[in-house]
Each structure stands twice: as C-alpha cells, then as structure tokens.
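Asker: Let me begin by handing over the structure; questions about it come next.
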Amino acid sequence: MEAKPLSEFLVDADTLANARFATSELTETVSALKLLLRPVEPWFRAWKDTHRPAFEARLAAEPVWAALLDSAFGRSWSADFLTSLPLDPDAKIADELDLMMRLDDDEVRADLRVVRERLPAILESESALAATAADLLMWVWTHTVEPDWPRRRRLLQADIVSRTARLSEQGWSGVLRGLGPDVQWLGDGRIQVNRWDYPVTDVRGRSLMFIATHTQRVSVSWRLPDRFALTYPVTGIFAGTAVLAEPLVELLGRNRARILTTAIDPISTTALVATTGLSLATVSDHLRVLTAAGLLERRRSGRSVLYWQSDTGHRVTQAPPETPQQLT
C-alpha cells in the first residue's frame, strides 16, 4: 500500500452525516498487540503483566514474528497491512485475516519499508509473510482478547452510546474534543487527527469511521482509496484497575469511589457492572446515592441511562493540593 501522511482530515457535510462509530475484533486485537509491545499507563499494567510472559515465549519461539513486529511499528507510522481498516466492523477476525493472507511478500515488504527502510535478513528471505502475520494476530486474539471479548464489546458499545449522546448535544466539536488530546475540530471542514507535520488528507465524499478500542492513544487507519477511520481509546475493562486515592475511599467507601472515578465520561449502568464486577443491584444503589449527593449527573439516552461526574464530583475525585509549607 502507498504510504499517505496524515495530520488533518478535510471533510464535508456528507462525510460527517454518514460517519459512524463502531467496534472491531481486528482493531481490538491490533490494539492489544500494541499494548503488549509498548510501555503502558498504570491501568494497563495488570493486564499486560498477565499476558506478557506467554507473548514473549511465543516471540522467542517464532523469530519471524519478532522480526515483523520490530519492523512494523515506528514512532509515528505503522505498516499498513498490519493495521489497515477492517472491511466491515462487524466482520469476524478470521475473515479479516483471510483477506490479509492474500497479500504477496513484495506487498508486505513494501509496507514494512515505509516504517523501517532496511529490513532484517529473515524478512528478506522468508516467504508467506502475510500468513505469518495473520497467525500472530490470531494468537493475540485467541489468548488475550477473545476470552473477554463479550465484556470488552459491551463496554465499547456503552462508550459509543455516550459519544452519540454527546453528538446530539454538542455537535462534532464536542465529540472530537473528547476522543484524545490531539484531536480537535479546526473549523472550515478540517479535523486535526494528530500533531505530526504531514499534509492534509482529503476525506470529502469518502467513508469515515470512529472505532472504539482499548488502546492508549488515537491512531489513523485506512483502506485506500475511500475508507478512513480514527481509532480512539476507551479505558473500559482497565478502568477498574486504576489506583484510588485513599482519602476518596475513606470518604465514600471503595465501591462508591470506584464508580465515581470510572464515571469521568458518560457511562451506563450495564457498563459499570461489567467494569467494576459488582452486581447490578449494588451498582444501582451506589448510583442512586452518588446522584442524590450531587456527585453524579444522569440522563436517558435511548434505552440506557448514562451517569457522569458532576462538577462537584469531578472536584472530589481530584487529588488535593499539597499544603504549602509555612515560612519561618
């Protein structure tokens, strides 16, 4: 695939009118792979510590896997064939990987050379590189994502519900501002997608998706010539592992503190049950108390009720400022 630098999307009314939010087994698997490879935020560490030993053992046993990964991910660019936009967000990962395996070795090497100009000898001599990459992704899916996919998907869909509600209230400017620190509406049909110094990409009259996934940062994917996507982070299954401030726990109790901290963005009761591991009755009771205390706001969105931190709730969850030392 031809490399196409990206820093801004140029969109029109039709692009935004037809844009959709989605989830994807393939995108979730690629996101999990990146978490296994890179330093992670504290809330990802328990998951990574669980899966990293088996992953490292497989890399040691599969030197072509290790070489592919070493060459496929750069600081601001990833090999297209490994991170391309799914043909259909609802497609099963096996179907997506079958499509990947149709690439010949020259196509795979061309994609890799965009990231790393000089490839290791093993990638120059080995054949069936696309099939090897597909095996790698299937292993990541089977061992680290699939066992928890139903819960992951529920949480991702809950995030999509909240984004859709925000769209109706705040427009695209509000939605984009919440996707990540480097994403924003610039006006005049321009969306900043990252801070890399690349030319504008014209997405007018083309398909645009926003794919929710468990990842650390926004990334761009595409399937040229006419399908583009922003993959954005949802803390979801990892939110419950964040360290709680002890003063907040002492004030509210651990479960209520966990719920209040998790509800930094609009979230449904079902998603809170999945995130915290508490029963529906327990979560509902805590939500009632936190809402009555003015720490949470609530509103109905379709068949769901969404909860999020009020201004007071947000202030309560912030770490208190250090007490200034008195001059003597």
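The values are calculated or read from the model by the stated rules, or taken from the named source; none is laboratory data. Keep in mind it's a predicted model, so treat the numbers as computed, not measured. Here Cβ is always computed from backbone atoms with ideal geometry, including for glycine, and neighbour counts include all displayed protein chains.
Asker: Suppose we filter 115, 140, 145, 161 for residues that are crowded, with 17+ Cβ neighbours inside 10 Å, of a type in the set (Val, Ile, Thr), over 30 Å from residue 274 (Cβ atoms) and in contact (Cβ under 8 Å) with a residue 24 or more places away in the chain; which single one remains?
Answerer: 115
Asker: Taking the conditions exactly as written (outside any loop (DSSP other than H, G, I, E, B), more than 16 Å from residue 24 (Cβ to Cβ), in contact with a strand residue (DSSP E or B) (Cβ under 8 Å, 6 or more places away or on another chain) and in contact (Cβ under 8 Å) with a residue 12 or more places away in the chain), does residue 123 satisfy them or not?
Answerer: Spelling it out, it is not the case that residue 123 is outside any loop (DSSP other than H, G, I, E, B), more than 16 Å from residue 24 (Cβ to Cβ), in contact with a strand residue (DSSP E or B) (Cβ under 8 Å, 6 or more places away or on another chain) and in contact (Cβ under 8 Å) with a residue 12 or more places away in the chain.
Asker: Given the conditions (1) surrounded by fewer than 21 Cβ atoms within 10 Å (Cβ to Cβ); (2) in contact with a helix residue (DSSP H, G or I) (Cβ under 7 Å, 6 or more places away or on another chain); (3) modelled with pLDDT under 95; (4) part of a helix (DSSP H, G or I), and given that residue 1 satisfies all but one, which numbered condition is not satisfied?
Answerer: Failed condition: (4).
Asker: Identify all residues within the range 188-206 that are farther than 9 Å from residue 10 by Cβ and either surrounded by 14 or more Cβ atoms within 10 Å (Cβ to Cβ) or not charged (D, E, K, R) (or both); write none if there are none.
Answerer: 192, 193, 194, 196, 198, 199, 205, 206, listed by residue number.
Asker: Name every residue in the range 5-49 that is β-branched (Val, Ile, Thr) and either closer than 15 Å to residue 209 by Cβ or modelled with pLDDT of 95 or more (or both), in order of residue number. Don't jump to the end; show me each part of the working.
Answerer: The initial filter retains those residues of the range 5-49 that are β-branched (Val, Ile, Thr), namely 11, 15, 23, 27, 29-30, 40.
Once the filter is applied, which keeps residues that are β-branched (Val, Ile, Thr) and either closer than 15 Å to residue 209 by Cβ or modelled with pLDDT of 95 or more (or both), the range 5-49 yields 11, 15, 23, 27, 29, 30.
Asker: Just to be sure I understand, how many residues within the range 174-187 are touching a Leu at 6+ places or on another chain (Cβ under 9 Å) and farther than 19 Å from residue 216 by Cβ?
Answerer: Of the residues in the range 174-187, 3 are touching a Leu at 6+ places or on another chain (Cβ under 9 Å) and farther than 19 Å from residue 216 by Cβ.
Asker: Of the conditions (1) in contact (Cβ under 8 Å) with a residue 12 or more places away in the chain; (2) surrounded by 15 or more Cβ atoms within 10 Å (Cβ to Cβ), residue 184 clears all except one; give me its number.
Answerer: (1)
Asker: Right, another one. So, residue 39, is that one in a helix (DSSP H, G or I), loosely packed, with under 14 Cβ neighbours inside 10 Å and in the same structural domain as residue 126 (by TED's automatic domain parsing) or not? Write out each step before concluding.
Answerer: Working: in a helix (DSSP H, G or I): no; loosely packed, with under 14 Cβ neighbours inside 10 Å: yes; in the same structural domain as residue 126 (by TED's automatic domain parsing): yes.
No.
Asker: Any residue in the range 183-193 that is outside the structural domain of residue 306 (by TED's automatic domain parsing), in contact with a strand residue (DSSP E or B) (Cβ under 6 Å, 6 or more places away or on another chain) and charged (D, E, K, R)?
Answerer: yes
Asker: Here's a follow-up. Given the residues 110, 130, which is the only one that is touching a Lys or Arg at 6+ places or on another chain (Cβ under 8 Å) and among the aliphatic types (A, V, I, L, M)?
Answerer: On inspection, the qualifying residue turns out to be 130.
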